[in-house]
Structure formats: C-alpha cells, structure tokens
Amino acid sequence: MQTHWVQGELQRLYPDRQFDVQTMSTQGDIILDVALAKIGDKGLFTKELEVAMLAGEVDFAVHSLKDLPTRLPEGLILGCVTEREDPADALVVHDRFKDHQLETLPEGTVIGTSSLRRLAQLRHHYPHLQFKDVRGNLNTRLAKLDAGEYDALILAAAGLQRLSMADRIHQLIPAAVSLHAVGQGALGIECRAEDPEILELLKALEHEPTSQRCLAERAFLRELEGGCQVPIGVNTAIADGTLTLTGMVASLDGQRLLRDQVSGPTSDPEALGLALAAQLKAQGAKEILDEIFATVRPEA
Ligand SMILES: NCc1[nH]cc(CCC(=O)O)c1CC(=O)O
C-alpha cells in the first residue's frame, strides 16, 4: 500500500526509469507492510529485506518509520523520510460511546491497545479506565470493536488515514495526554549506504522538516535503547528554525512518568535527541526502562 505510493511517486518523477515492487517469499507484501511490521524490534521481516538489499536483489525498502529499528545493520541507512501524516494517536469508539470524549468515558470503560506507550500514558491520566490487549490488523481490530469486545480503541491516526478510514477517528488525542511513537506517521526508506545513485533518487521524496523531526526522535529513542515495545513517547515541532522535542518515559502502571523538553537549531536534530535522553536519564529514566526490560523481555 505505502510501497505502491512510493513507487507511483518515483515513477512520476522519473518517467524514464522503471520501479518494480518485489514480493518477498516468506510473508505477504514485499517492502514492509504495516501489520506485518509488528513482529518486533528486530523483525524477521525487516531482516529478510535487509539481506536482499545487501545482496543487491532489491534497492530499497519502504517502512512505516515507526517500525524501523533505530540501529540499522552495517551497510544500510535511512535514505529518505517522507512527509509525515498527523502523528497523533486517535480514539475510536463503539457506537454506544459516540457522545463521549476520552475525558468523559466512565469508570471501567474497556480500551483496546497493544502499545505499552499508549497503555502507560492513558493509565497515568485515566486510572479509572480498563485496558485490554488487542491484536490483528486494522480491520480485525475495528471488527472486534464493532462486535462489542471493546468500548474503544486507540490507534494511530496515520494508519486510519492511509487506509481511507479517517472517518473512524472520533477524537485526536492531545499531546498533553499522550505523546506519539518515534517516527509515527512518516514513511522511512532504507537503502544501501554506498549507493549514491539510489540515494539521490530517494532524496526527491524527502520532506526535510519531517526528516529533521524524526532524526531527533530516533536519536532520543536510540540513546535510551528502547525498541518499539517500550513506553517512550515524543512530540516535535519546528518554528522559526528551532526544533522542539518533547519526550516521555513511563512505567507500565503509569505511576511514574517522566517528561521533559529541549529546543535547538534544526541543523543538528540528533544532538537534541541525545540531550533530551541525557536529561531524562538524570531523572531516572534508565531505572524505569531496566525494570520494564526485566519483566517484558526476560531473556533479552
Ligand atoms: N504499531 C504498528 C503500526 N505501525 C505503523 C502503524 C501506522 C501508523 C504509522 O505509520 O506510523 C501502526 C498501527 C498503529 O500503531 O495503530
């Protein structure tokens, strides 16, 4: 889906070249698909594509940037970041809650989410709500909601928009309540580090403000050594050449939540990510994350 969008854009920009979408053998779609990318931090799926890229069989891979690990294998780089859709999370409700907003949902309302980041932040702000894991692709999740298994879901607004289901967005969750995932809403294109020709082609699809914001966000996450399954959230904004990065780290129960902010020139976004990580570490972020790693990934 998103891969075909990239293919279309490149084809339009470079009518004399041909861009083929290649399907990888093991799992479904080729160049990263939203639902399949859930396999985890060092997803098998990413690995298969990376092996193919390093072998020269495919030239680049399109990912939801949010699902692309912050450390890439030797020889591969993040070659392009496309313009971001709204990175916010969205509340989607069952019809019987259509007159409610997040802040008016009654005690015991069952919210479906499988994201520790969403879970921790919502528990922090709305401890009277109940949370239940939800799996499957977007359609499966929405079907479970409509069947009454959940009262509401929290989903990425961008995912709903991309699949033309923006009408299901009941409320965009404000950053004051929930910071979004690193890279959310943007596509990231991974390619060989030593392939100037492909890199130059891809740069035509780059959206510089999104790229600067996402580089700051990714440096923050990398420095905290968090994968995609950790309660780490961010928000970024650019105004007058200044990039502001807000970040948070929370415990799973939402009891402890650290949040801080840094600002600086857009010319060095990674420095901002590192600075914010250092600030949060000084406030105890490492202890919170170590506790989570000990419970969630005992063997990692
Ligand atoms: N966690 C899985 C995932 N990876 C990318 C998206 C769609 C949003 C995006 O591209 O950032 C989603 C779904 C979701 O979080 O609801």
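Numerical summary
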{"quantity": "Cβ-Cβ under 7 Å pairs, at least 6 apart or on other chains, the range 198-209 side assigned to a helix (DSSP H, G or I), far side among the aliphatic types (A, V, I, L, M) and surrounded by 13 or more Cβ atoms within 10 Å (Cβ to Cβ)", "calculated": "L201/L10; L202/I189; P209/I238"}
{"quantity": "Residues within the range 233-253 that are closer than 26 Å to Y126 by Cβ and assigned to a loop (DSSP other than H, G, I, E, B), tallied", "calculated": "3"}
{"quantity": "Evaluation of D268 against (1) surrounded by 15 or more Cβ atoms within 10 Å (Cβ to Cβ); (2) in contact (Cβ under 8 Å) with a residue 12 or more places away in the chain (one fails), failing number", "calculated": "(2)"}
{"quantity": "Identity of the residue in the range 254-265, open to solvent by less than 40 Å² (accessible area, probe 1.4 Å) and part of a strand (DSSP E or B), that ends up nearest to A120 (Cα to Cα)", "calculated": "L258"}
{"quantity": "Matching entry among G233, G227, G247 (being within 20 Å of R118 (Cα to Cα) and modelled with pLDDT under 95)", "calculated": "G227"}
{"quantity": "In the range 115-141, the residues that are in a helix (DSSP H, G or I), crowded, with 20+ Cβ neighbours inside 10 Å and near the ligand (Cβ under 9 Å from one of its atoms)", "calculated": "R118, R141"}
{"quantity": "Residue list for the range 50-87, filter: in contact with a strand residue (DSSP E or B) (Cβ under 8 Å, 6 or more places away or on another chain), charged (D, E, K, R) and either open to solvent by less than 30 Å² (accessible area, probe 1.4 Å) or more than 12 Å from the ligand (Cβ to nearest atom) (or both)", "calculated": "E50, D59"}
{"quantity": "Any pair with Cβ under 9 angstrom, 6 or more apart, that starts in the range 130-141 at a residue that is among the hydroxyl-bearing types (S, T, Y) and ends at one that is surrounded by 14 or more Cβ atoms within 10 Å (Cβ to Cβ) and not in a helix (DSSP H, G or I)", "calculated": "T140/A35; T140/V134"}
{"quantity": "Subset of the range 91-114 (residues that are surrounded by fewer than 19 Cβ atoms within 10 Å (Cβ to Cβ) and within 16 Å of the ligand (Cβ to nearest atom))", "calculated": "S114"}
{"quantity": "Pairs with Cβ under 7 Å, 6+ apart, first in the range 142-167 and open to solvent by 60 Å² or more (accessible area, probe 1.4 Å), second within 9 Å of the ligand (Cβ to nearest atom)", "calculated": "Q161/E85; L163/L138"}
{"quantity": "Candidate set: the range 179-200, residues that are of a type outside the set (A, V, I, L, M, F, W, C) and within 12 Å of the ligand (Cβ to nearest atom); chosen: the one nearest to D59 (Cα to Cα)", "calculated": "G188"}
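One line per residue, one yes/no per condition, for (1) at pLDDT 90 or above; (2) under 23 Å from S178 (Cβ atoms); (3) surrounded by 20 or more Cβ atoms within 10 Å (Cβ to Cβ); (4) not hydrophobic (A, V, I, L, M, F, W, C):
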site: M24; (1), (2), (3), (4): no, no, no, no
site: G43; (1), (2), (3), (4): no, no, yes, yes
site: E48; (1), (2), (3), (4): no, no, no, yes
site: D89; (1), (2), (3), (4): yes, yes, yes, yes
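The values are calculated or read from the model by the stated rules, or taken from the named source; none is laboratory data. None of these values were measured; they are calculated from a predicted model. So basically every Cβ, Gly included, is an ideal-geometry build from the backbone, and we count neighbours across all protein chains shown. The protein model used for the area step is the full one, side chains on, heavy atoms only, and it has no ligands, DNA or RNA in it. Shrake-Rupley method; radii C 1.70, N 1.55, O 1.52, S 1.80 Å.
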